[in-house]
1. Could you check residue 56 against (1) in contact with a strand residue (DSSP E or B) (Cβ under 6 Å, 6 or more places away or on another chain); (2) modelled with pLDDT under 95; (3) more than 17 Å from residue 165 (Cα to Cα) and say which number it fails?
2. Does region 139-161 contain at least one residue that is surrounded by fewer than 17 Cβ atoms within 10 Å (Cβ to Cβ) and more than 30 Å from residue 44 (Cβ to Cβ)?
3. Out of 80, 92, 137, I need the residue that is within 21 Å of residue 156 (Cβ to Cβ) and outside any strand (DSSP E or B). Which one?
4. Counting only residues that are modelled with pLDDT under 75 and loosely packed, with under 10 Cβ neighbours inside 10 Å, how many does region 181-213 have?
5. Considering (1) part of a strand (DSSP E or B); (2) closer than 21 Å to residue 50 by Cβ, say which one residue 97 fails and leave the rest.
6. Would you mention how many residues in region 140-165 are free of Cβ contacts under 8 Å to residues at least 60 places away in the same chain, farther than 25 Å from residue 109 by Cβ, more than 13 Å from the chain's Cα centre (by Cα) and assigned to a strand (DSSP E or B)?
7. Please find, among 84, 98, the residue that is at pLDDT below 95, under 17 Å from the mean Cα position of the chain (by Cα) and at negative phi.
8. When residue 113 is evaluated against the numbered criteria (1) surrounded by fewer than 19 Cβ atoms within 10 Å (Cβ to Cβ); (2) closer than 17 Å to residue 66 by Cα; (3) at pLDDT 95 or above, which criterion, by number, is the only one it fails?
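The values are calculated or read from the model by the stated rules, or taken from the named source; none is laboratory data. Note that the coordinates shown come from a computational prediction; the quantities given were computed from them, not determined experimentally. Note that each Cβ is placed from the backbone with ideal geometry, even for glycine, and that neighbours are counted across all protein chains shown.
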């Protein structure tokens, strides 16, 4: 009982309250710092990654074949949720030009420890105002939480983004120029530079290009983003419709 009158005056003085506030602030900050820097568990790589790119020079508007090889670590944990691969194409200053994010053909939540997953994707170099060396940064992340997973086998660029390859961007030379003739709507696309561009077709659409007088490979990327009750099919003819079906 004799200690109570002595404590009450101290609580009413600002000089005595300030140290208590500072002490509480230090304690709170300590909790925040500990939470931000805590170890989330095993930080060993989930898988090793390598990517080969062909050709080594990418002409604007031309395809790039990218072969991804993932070797899952023997002690890799099971992944849950929607896990995707991010693919960023960067200029010499590290600025992102365009992307090719995708879900692997074998979803990552089905990967088994020690297994190898290999697949090839074809992407096109967009009409981007840049010439020179381009870097390709790849990583694996959860679309649900945004978490990125640690990998090995490639140069770590920070933030669990890995440089897997480089190629030279240059202007198109002798590739045939394709013209959207009859049967197409105006082009649409993403607003960011180097983004994807597409056109909706009418019932019959015609693409024209000069005869290259040599063997060429025609890439036709078709998609049906609408949910329809029945699947639709498309036919490709060389020349007029009905002339030669491919």
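1. Evaluating residue 56 over (1) in contact with a strand residue (DSSP E or B) (Cβ under 6 Å, 6 or more places away or on another chain); (2) modelled with pLDDT under 95; (3) more than 17 Å from residue 165 (Cα to Cα) leaves (3) as the failure.
2. no
3. Values: 80 fails: within 21 Å of residue 156 (Cβ to Cβ); 137 fails: outside any strand (DSSP E or B).
Sole residue among the options that is within 21 Å of residue 156 (Cβ to Cβ) and outside any strand (DSSP E or B): 92.
4. 4
5. (2)
6. 1
7. Numbers: 84 fails: at pLDDT below 95.
Result: 98 is the single residue among 84, 98 that is at pLDDT below 95, under 17 Å from the mean Cα position of the chain (by Cα) and at negative phi.
8. Condition (2) is where residue 113 drops out.
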